[in-house]
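Okay, so here's the structure we're looking at.
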Amino acid sequence: MHFSGSSEKEETFTAWCNSHLRKAGTQIENIEEDFRDGLKLMLLLEVISGERLPKPERGKMRVHKINNVNKALDFIASKGVKLVSIGAEEIVDGNAKMTLGMIWTIILRFAIQDISVEETSAKEGLLLWCQRKTAPYKNVNVQNFHISWKDGLAFNALIHRHRPDLIDYDSLRKDDPVTNLNNAFEVAEKHLDIPKMLDAEDIVNTARPDEKAIMTYVSSFYHAFSGAQKVPHIVGTLRPDEKAIMTYVSCFYHAFSGAQKAETAANRICKVLAVNQENEQMMEDYEKLASDLLEWIRRTIPWLQNRTQEKTVNDMQAKQEDFRDYRCVHKPPKVQEKCQLEISFNTLQTKLRLSNRPAFMPSEGRMVSNINGAWHTLEGAEKGYEEWILSEIRRLERLEHLAEKFHQKAAIHEAWTDGKEAMLTQKEPDTTTLSEIKALLRKHEAFESDLAAHQDRVEQIAAIAQELNELDYYDSANVNARCQKICDQWNVLGALTQSRKESLKNKEKQLESIDELYLEYAKRAAPFNNWMESAMEDLQDMFIVHNIEEIQGLIAAHEQFKATLTEANEERKAIQAIQANVPKIAQSNNITLTSSNPYTTITSENIDEKWAKVFELVPRRDTALQDELNKQNSNDELRAKFASQANKVGAYIKAKMEEIGRISIEMNGTLEDQLTNLKEYQDSIVSYTPEINTLEGYHQLIQEALVFDNKYTPYTMEHLRVSWEQLLTTIARTINEVENQILTRDAKGISQEQLYEYRTSFNHFDKDHSGALMAEEFKACLISLGYDVENDKQGDAEFARIMSIVDPNGTGAVTFQAFIDFMSRETTDTDTADQVIASFKILAGDKNFITAEELRRELPPDQAEYCIARMAPYTGPDAVAGALDYMSFSTALYGESDL
C-alpha cells in the first residue's frame, strides 16, 4: 500500500484518531510514535468497535510492544480485513508508511465499509450519498473524493442540507475556496462535533487533494448526519443544559421533517425515472433492430423466389455459388440478430413486469411473431431456391449431354447419306449387260440392307430431338431444323430406293447371270461393316453416370463387347476369304473380272481399316471408363467423409440438446453460478463451430462434384444447419431465462434461499420435466408451500384466483417464470402509480401541481429535465404560472389499469 502526500494524510488521520480517543480521555500527538507500544492502538480499536480486546501487556520491552500490536492486528483481521504486508515489527519500529496504511485500513473497516446507499456500499455508497445530498445545490457536482471538494461548496452544501440554520449557503462564492473551506471546517467542529481534519490552504494549493484524507473527513459527516445524535447528559443534573436539549430535539425535527420526506420522495422518483428511461431506450433499440431485420428479409425473399432459367450449367453454378455465399456469409449474422431480438424482447417484458409497467407492444408488423413468420417464409423460399438450382443443374447437364449426342449422331448419319441421292438417281446405259444389271440389283439390295440398318439411327436422332424439346433446350430451333432435314432426306432416300428397285426388277427378268461369290461377299460384308460402324459409334458414344454401380455396369458391358471381338475377327477372316476366292474361281473358269465387286462398295481394305479403327478405339474406351470409375470412387470418398463428419456432428448436437434439457431442470448453486456455468457451456458449444465449418467444406466439395445422394448417412446439410441454429438458440434462451430470474430476484428482493426453494418445489412437481406445471401439479405445489387451496368451495375459489394470475391466457400450464412472478408478488412490494403520485405531492408541498423550479431543486439535473419535458401543463382551478401536472405523468408511467 503506497501513500503519497503523507503530511496531509498524517494530519487528517491524527485528527480522526483523536476524535475517538478523546472519548476515552486521551489523544495522540505523533501518529508514528504514539502507536508504537500498541496501548493506544488497542484503546482506539475498543472505542470505535465497542468491544473489549485482550488485556494489554504493560512491560516496556520490545517483545511486550510487539505482542500488544499483534493483539490489535489480530482483532482487525478478525473483522474480515486482510492486512497485506503490515506486520507488528514495522509498527513498533515507527515505519510511517506502514502505520498510515494500518490506520487507513481501520478507517475503511470501521468508518466507511458499513456505509450503504441504494445497494452500493463503502466508497461507492459514500460517493452516492454525497451526490444525493448535494444534487439540488448550484455550483456543486460531486464526482470524486479529490478535486470535487476543492472550492469548499460541497462541504457547505452537506451541512446546509441537514442543518440549514448553521450555513448561509447563498452568501458563499465559488471564487473564494479558502473562506468556504474554513467556514465549513469551523461550523462542523463547533456545532457538529466533527474535529478539523484538513487544512484549507493545503487543499486549495494542491492540484489533486489526497483522496483518502477527503474520504476520512467526509465519512465523519455521514456518521454525524445518518447516525444517532450524541445524547446530552441529563440524569444527575439539577438543570440540564438548555442548548444541548434544543440541539438534540432539533435532530428529531430534521430526521422526520418535510426535508427528509422530500429526500425520500426524490429518491423514489429518481429510481422510477431511471427505470423508465432505460426501458424506453430498450424499446427504441428493439424497434430499430426489428425494422432492419424485417427489411433484410423483405429484400432477400424476392431474390430467393427468382426462377429465371439459365442456358448453361456454368451459369447455374454461378447462381449456386452466390447462394452458398448467402448461406455461409450473409445469413449467419442475421440468425444471431434474430436470437438477440427475442432475448431483448423477453428481457424488456420481464423488466416492465417487475416494475409494474404496461407490457411493451411493438409497432404493427414488428412483433416477435411477425419476425418469426417472415423468417419462416424466408427459410421456405431458401429451401425451394436450393432445390430449384440443383434440379436446373441436372436438367442443363442432361440437355448438354443430349445436344452433344444429337449432333454427333446427326453428323455420322449425314456423312453416310452424302451422295446417296445421286447414286439412287443414276441411270444405266442401254448397253448394260445382264451381269451388270444383276450386279446393280444385288448392289441395290445391299444398299436396302444398309438403309434398313440406319433406320435405328434416324429414330434415335428424332427421339433425342424430341427429348430436347420436352426439356426446353434453348437451341431447340436449330436442333429441330437439322432433325427435320434428316427426316425429309430419309423419306426421299426411301422413295428413291423403292423407285430404283422397281426399275431394276423390270430389267432383272431379262438378266440371269450373277456372280454368287460377289453376292455372298456383299451380303456378309454389309452387315459386318455396319456392325463395325455401330461398334465405332458405341465406342465413341458419350456417357454420364452418378454412382459406382452405374459405371461398373458400363465397364461390364464393355468387357462383354470385347469378348465378342474374337468371334467378329473370325467373321472378318471368313468374309475376306470369300473375296479372295473370287479371282481364283474367275481364273479357273476364264472369267474376265471388272476392277471392283459390282454388288458392293465395301472393299477388303475398307473392312481392314475399320477393323483397325475398332481396335484403336477399344483402349481409348477402356481409359475413359477407368477415369470415370476413378471419379466415382473419389465421389464415394467425398460421401464417406461427409457422412463421417455429419454423423459425428448430428450425434453431438443431439447429445447437447439433451444435456441442455437436463441442465435447465437440474441447475444447482446460485443464479450467478448457474449463469456462469451456462455461459461456459455456451462457449464450449460455440467452440464446436470449426467442426460445422469442416462439414460445410465437405458439403461444398460434394455439391461441386454434383453428388446428390449419400447412402452412408441419414443427415443432410440442411437438417444439420437447422439443428445447429436450434441448439445455439436454445442455450441462449436458457441463459436469458436465468438472467430474467436474476432480474426478478434483485428487483423483488428475493433471497437466494427463497429462489432455491421455489426452484426445488417447481422441479419436484414437474414430473415430466416439461418446464411447466399442469393445473393439478401446480395445486399440489401450492399446498406444499402452505397455501390453502384444498378441494372445498373456498379453496377452489382461491385456486381459481391464483390461476387467473399465473395463467391469464388459460393455457392450463404454469411456467417457472410465471411461478416466480407470483411468489415474488405475494412476498414483496413494488413501486405503484399511487406511490409515485404521493412522492411528487410531497415534493410539491401538498399542491396538486409542481413547478419546474421545484423539480430542478429536488431532483438531479438529468431526471428533472426528463420530467419537465414530459409533464403536461396543469390546468386546475388553483394553477399558477409554470404549473405542471405530475398526476397524469405518474399515471402514464404505469398505465390506467394500475390506479
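Just checking, which of 19, 7 is out of contact with any Lys or Arg (no Cβ under 9 Å at 6 or more places or on another chain), open to solvent by less than 50 Å² (accessible area, probe 1.4 Å) and modelled with pLDDT under 90?
Unique residue meeting the criteria: 19.
The C-beta contact set for segment 47-58 (first residue at pLDDT 90 or above, second residue open to solvent by less than 50 Å² (accessible area, probe 1.4 Å) and assigned to a loop (DSSP other than H, G, I, E, B), distance under 7 angstrom, 6+ apart or interchain) comprises 56/38.
Here is a yes/no grid of residues against (1) open to solvent by 70 Å² or more (accessible area, probe 1.4 Å); (2) in a helix (DSSP H, G or I):
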site	(1), (2)
308	yes, no
318	no, yes
323	no, yes
332	no, yes
336	yes, yes
341	no, yes
345	no, yes
350	no, yes
353	yes, yes
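Residues in segment 395-411: is at least one under 30 Å from residue 347 (Cα atoms), in a helix (DSSP H, G or I) and either free of Cβ contacts under 8 Å to residues at least 40 places away in the same chain or not assigned by the TED database to the domain that holds residue 463 (or both)? No, there is no match, as no residue in segment 395-411 is under 30 Å from residue 347 (Cα atoms), in a helix (DSSP H, G or I) and either free of Cβ contacts under 8 Å to residues at least 40 places away in the same chain or not assigned by the TED database to the domain that holds residue 463 (or both). Looking only at residues of segment 355-380 that are buried (at least 17 other Cβ atoms within 10 Å of the Cβ) and small (Gly, Ala, Ser), we find that the one that is nearest to residue 835 (Cα to Cα) is 355. Scanning segment 532-553 for residues that are open to solvent by 60 Å² or more (accessible area, probe 1.4 Å) and either modelled with pLDDT of 85 or more or assigned to a helix (DSSP H, G or I) (or both) yields 538, 549, 550, 552. Kindly list the number of the only condition in (1) at pLDDT below 90; (2) open to solvent by 10 Å² or more (accessible area, probe 1.4 Å); (3) farther than 22 Å from residue 8 by Cβ that fails for residue 125. Just one mismatch for residue 125, condition (2). Annotation: of all residues in segment 787-812 being farther than 22 Å from residue 347 by Cβ and hydrophobic (A, V, I, L, M, F, W, C), the one that is modelled with the lowest pLDDT is 789.
Selection within segment 74-91: residues that are of a type outside the set (Gly, Ala, Ser) and within 11 Å of residue 53 (Cβ to Cβ). The member of this set that is least open to solvent (accessible area, probe 1.4 Å) is 76. All conditions but one from (1) assigned to a helix (DSSP H, G or I); (2) touching a helix residue (DSSP H, G or I) at 6+ places or on another chain (Cβ under 9 Å); (3) assigned by the TED database to the domain that holds residue 534; (4) modelled with pLDDT of 85 or more apply to residue 612; the one that does not is (2). The requirement of being buried (at least 20 other Cβ atoms within 10 Å of the Cβ) and either aromatic (Phe, Trp, Tyr) or touching a strand residue (DSSP E or B) at 6+ places or on another chain (Cβ under 6 Å) (or both) is fulfilled nowhere in segment 165-174; no residue meets it. In segment 629-650, the residues that are farther than 12 Å from residue 697 by Cα form Cβ pairs under 7 Å with partners that are open to solvent by less than 10 Å² (accessible area, probe 1.4 Å), at six or more places apart or across chains, as follows: 629/551; 632/551; 649/695; 649/720; 650/720. The residue list 106, 28 contains one member that is in the same structural domain as residue 193 (by the TED database) and in contact (Cβ under 8 Å) with a residue 60 or more places away in the chain, which is 106. Put simply, of 585, 602 the only residue that is modelled with pLDDT of 85 or more, over 23 Å from residue 559 (Cα atoms), over 34 Å from the mean Cα position of the chain (by Cα) and β-branched (Val, Ile, Thr) is 602. Identify all residues within segment 550-575 that are more than 60 Å from the chain's Cα centre (by Cα) and of a type in the set (A, V, I, L, M); write none if there are none. Passing the criteria: 563, 565, 568, 574, 575.
Can you tell me which residue within segment 813-836, out of those that are modelled with pLDDT of 80 or more and open to solvent by 30 Å² or more (accessible area, probe 1.4 Å), is nearest to the chain's Cα centre (by Cα)? Going through the qualifying residues, I end up with 815. Within segment 122-153, the set of residues being under 19 Å from residue 861 (Cβ atoms), assigned to a loop (DSSP other than H, G, I, E, B) and not β-branched (Val, Ile, Thr) comprises 135, 136, 137, 138, 139, 141, 143, 144, 151.
Residue-wise test of (1) touching a strand residue (DSSP E or B) at 6+ places or on another chain (Cβ under 8 Å); (2) in contact (Cβ under 8 Å) with a residue 40 or more places away in the chain; (3) assigned by the TED database to the domain that holds residue 352.
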| site | (1), (2), (3) |
| --- | --- |
| 741 | no, yes, no |
| 746 | no, no, no |
| 751 | no, no, no |
| 757 | no, no, no |
| 760 | no, no, no |
| 768 | no, no, no |
| 783 | no, no, no |
| 787 | no, no, no |
| 812 | yes, no, no |
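In segment 423-439, is there at least one residue being among the aliphatic types (A, V, I, L, M), under 23 Å from residue 544 (Cα atoms) and open to solvent by 20 Å² or more (accessible area, probe 1.4 Å)? There is no residue in segment 423-439 that is among the aliphatic types (A, V, I, L, M), under 23 Å from residue 544 (Cα atoms) and open to solvent by 20 Å² or more (accessible area, probe 1.4 Å). Within the option set 38, 50, being surrounded by 15 or more Cβ atoms within 10 Å (Cβ to Cβ) and on the phi > 0 side of the Ramachandran plot holds for one residue only, 38. The set of residues in segment 6-26 being more than 60 Å from the chain's Cα centre (by Cα) and either in a helix (DSSP H, G or I) or under 14 Å from residue 197 (Cα atoms) (or both) consists of 18, 21, 22, 23, 24. For the criterion of being under 30 Å from residue 318 (Cβ atoms), of a type in the set (D, E, K, R) and at pLDDT below 80, residue 382 fails. Residues of segment 651-663 that are among the aliphatic types (A, V, I, L, M) and either in contact (Cβ under 8 Å) with a residue 24 or more places away in the chain or not in a helix (DSSP H, G or I) (or both): 653, 657, 660, 663.
The values are calculated or read from the model by the stated rules, or taken from the named source; none is laboratory data. No experiment lies behind these values; they were computed from the predicted model shown. A quick note on method: Cβ atoms are made from the backbone with ideal geometry, for glycine too, and the neighbour counts reach across all protein chains shown. SASA here: full protein model, heavy atoms, side chains in, ligands and nucleic acids out. Shrake-Rupley method; radii C 1.70, N 1.55, O 1.52, S 1.80 Å.
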